[in-house]
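The values are calculated or read from the model by the stated rules, or taken from the named source; none is laboratory data. Model, not experiment: these values are computed from the prediction. Positions of Cβ are generated from backbone atoms using ideal geometry, with glycine treated the same way; all protein chains shown enter the neighbour counts.
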Amino acid sequence: MNASQWLVKALLDEGVDTIFGYPGGAIMPFYDALHGSPLRHILVRHEQGAAFAANGYARASGRVGVCVATSGPGATNLITGIADAMLDSVPMVCITGQVPTGLMGTDAFQEVDVFGMTMPVVKHSFLVRRAEDLPSVLHEAFRLARNGRPGPVLIDLPKDVQIADASELPAYVPAVRMPLPAAGEAGLHAAVALMAHARQPVIYAGGGIVLGEAVDAFRVFAEAAQLPVVQTLKGLGSLPDEHPLNLGMLGMHGSRAANLAVQEADLLIVVGARFDDRATGRLDGFAPHARVIHLDADPAEIGKRRSADVAVLGELSTSLFRLTPAVGAQRHARNGSARAAWTATCCERAAEQAPRYDYPGPDIHAPAMLRELSQRAPAAVVCCDVGQHQMWVAQHWAFQHPRQHLSSGALGAMGFGLPAAIGAQLEDPSAQIICVSGDGSFLMNVQELATVARYQLPIKILLLDNQALGMVRQWQTLFFERRHSEIDLSDNPDFVALASAFGIAAHSVATQAGLGDAIDAWLAHDGPALLHVAIDAAAGVWPLVPPNRSNAEMLDGDADELAPLPLPEKHPSKTTAITEEIPDAIST
Amino acid sequence: MRYQLDLTLRQAEGALNRVIGAAERRGYRPLKVDGETQSDGDRWHLRLTVEGEQDDLQLREQLAKLYDCLHVQVSTCP
């Protein structure tokens, strides 16, 4: 047995059933070992597709996604997908071939220092110079990828190591997911005390909730607290969309109700979120009257962008479970009626300011279409690309769970959607997978239509085509005096013909009149299908908080100038002493 | 502010780059680097002086997350 054969067996022992990759010179021994093995390999058409597919597989399931590429260009092509996993905390193990150890450092054919190049965008990386290190490296790679705050781990594997004798290597010991330590008592007690004082608290839900497998615990906590909830892009679905406490997404393209509630809040209960700049807008104007309780698994997120009055570090589900009885009891204690009135006000505003979908005229209104589609396919997993359509999905799709929403949040990588959909579909062949893309994003990884066709993945691709880089165009209109620089894509290919060339059913629709039937036929199609939808290039994403502005300064499509949101005249003092403690209310 | 970092690192490929790179990317400029292999041969002891505008807690937490960083102590330089 050589090291490649050992590795393939070890991956199977680890529980890996599917890997995504593309062969090449320096990874050929591994591919030789793969031949005839039960480990399923999905041949993509570009290594970036492999990284995004593994990424989508991991996001949809919470399991570790695995991708493989050769050295040099194969390895560099993975990097965008690895960076995306790092920024969005996605568990991945990425295996790259490397030139033989004797050639390393000589600028050999297809030699690049991928170990060095990826250092800032991996949770950790290993360069395996001896086959005997492989068992411990693989174990550590999977352990690191999935434990604590998840992330990508790179294993760079020189070709001579791949063919080294492994007959004496020990059997692989799979890595297990270890729970994080529970939060300390002091933090929990301080959090309860701070909550008891608040009259206008808001729960700020982030992507850490699903990463920490804490969705159920979060819902129980929010129900017990009966406090308004705002969600980040990656927190969407933490509460079901229609839940009465859900005010929607906060931030640059957040709802007015969510942003207004945060701006008026006297306490933010931040659960698995990191005060991302797209969520906070101008930081010194964000939630200016609020104290902060920050629940997170990663100590480095505490105080990184906004200082916390109370930090609750540890396994989120445990922390939420411990706090739930206390917040429930507080509804009937001091300030309980004030909090109830505040919650009612926030929820009434959300209802009053809910988006309208009665768009007049014959053209297709993307938000209305997406809202209707989400109601027709409530259990679908939506894999987004990046741009206006991504924000419309976030604003208007009625997500029921965060794992329904796969979106390149922090990196904002165009080209993510289609390969991520491939990964999600392979992870759950019975799932309804919808890829929502734009004409700019779609062409960045269009070659993966060949992968969709090869494996006959029944992915439904919704391509919103405004013949422009719409988000850039919108910003140029608003902030660059309408100088539309290099955003014109009016020479796009015929997308229906393009999809057909890959053997994928495709249809185009340009008016509201034909949209309903087209969606019905597209969703009902047995196999992959693309629906090309022509939309207006001038359509914008609203509301919008301009860059370097506070979330109080939301811009609406109907306004020519910035229209600051009204704020209450009286604000709670930031210096109120916290003296009350309710230690007995903490659940044990 | 100037900070003195005392680090114990796993003597692994890339560990030094990882620590210094992480400090730089987080906004702390290295001013002085000094270190040696510890007697057991498996670890480095590294002393790093950096300058940055953010507080020392952030720097400590970011470095403590690194797999190869076994111990980090940050103190403010006088």
Checklist entry - Counting only residues that are on the phi < 0 side of the Ramachandran plot, more than 14 Å from chain B (Cβ to nearest Cβ) and either over 27 Å from the mean Cα position of the chain (by Cα) or outside any helix (DSSP H, G or I) (or both), how many does the stretch A:290-321 have? => result 9
Next on the checklist: Considering only the stretch A:434-448, I want to know if a residue exists there that is out of contact with any helix residue (DSSP H, G or I) (no Cβ under 8 Å at 6 or more places or on another chain) and assigned to a loop (DSSP other than H, G, I, E, B).
Outcome noted: yes
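Could you say which residue among A:GLN456, A:GLN425, A:GLN447 is in contact with a Lys or Arg (Cβ under 8 Å, 6 or more places away or on another chain), more than 26 Å from A:VAL541 (Cα to Cα) and in the same structural domain as A:PRO528 (by TED's automatic domain parsing)? Let's see the steps before the verdict.
Numbers: A:GLN456 fails: in contact with a Lys or Arg (Cβ under 8 Å, 6 or more places away or on another chain); A:GLN425 fails: in contact with a Lys or Arg (Cβ under 8 Å, 6 or more places away or on another chain).
The conditions single out A:GLN447.
Could you check the stretch A:43-160 for strands (runs of 3 or more DSSP E) lying wholly inside it with 1 or more residues that are more than 14 Å from chain B (Cβ to nearest Cβ)?
Values: elements: A:65-69, A:92-98, A:124-127, A:152-158.
Where strands (runs of 3 or more DSSP E) fall fully within the stretch A:43-160 and carry at least 1 residues being more than 14 Å from chain B (Cβ to nearest Cβ), they are A:65-69, A:92-98.
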Item to check | Hits in the stretch A:105-148 (condition: under 18 Å from B:LEU66 (Cβ atoms), in contact with a helix residue (DSSP H, G or I) (Cβ under 7 Å, 6 or more places away or on another chain) and buried (at least 17 other Cβ atoms within 10 Å of the Cβ)) | outcome: A:THR118, A:MET119, A:VAL121, A:VAL122, A:LYS123, A:HIS124, A:SER125, A:PHE126, A:LEU127
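Tell me, which residue of the stretch A:476-501 that is aromatic (Phe, Trp, Tyr) and in contact (Cβ under 8 Å) with a residue 40 or more places away in the chain is surrounded by the fewest Cβ atoms within 10 Å (Cβ to Cβ)?
Filtering first and then ranking leaves A:PHE479.
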Item to check | Failed item in (1) in a strand (DSSP E or B); (2) closer than 21 Å to A:ARG149 by Cβ, with B:GLU61 passing the rest | outcome: (1)
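Mind listing whichever residues of the stretch A:349-398 are in contact with a Lys or Arg (Cβ under 6 Å, 6 or more places away or on another chain) and part of a helix (DSSP H, G or I)?
A:HIS396
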Checklist entry - For the stretch B:11-58, how many residues meet the condition of being among the small types (Gly, Ala, Ser) and either in a helix (DSSP H, G or I) or more than 14 Å from chain A (Cβ to nearest Cβ) (or both)? => result 7
Checklist entry - For the stretch A:449-464, what are the residues that are hydroxyl-bearing (Ser, Thr, Tyr) and either assigned to a strand (DSSP E or B) or surrounded by fewer than 24 Cβ atoms within 10 Å (Cβ to Cβ) (or both)? => result A:TYR455
Checklist outcome for this item: Of the residues in the stretch A:80-104, those that are β-branched (Val, Ile, Thr) and either assigned by TED's automatic domain parsing to the domain that holds A:PRO419 or surrounded by fewer than 24 Cβ atoms within 10 Å (Cβ to Cβ) (or both) come to A:THR80, A:VAL99, A:THR101
Checklist outcome for this item: Sole miss for A:GLY440 among (1) over 23 Å from A:GLY527 (Cα atoms); (2) surrounded by fewer than 23 Cβ atoms within 10 Å (Cβ to Cβ); (3) over 14 Å from the mean Cα position of the chain (by Cα) is condition (2)
Checklist entry - Out of the stretch A:323-348, which residues are outside any helix (DSSP H, G or I) and of a type in the set (A, V, I, L, M)? => result A:ALA333
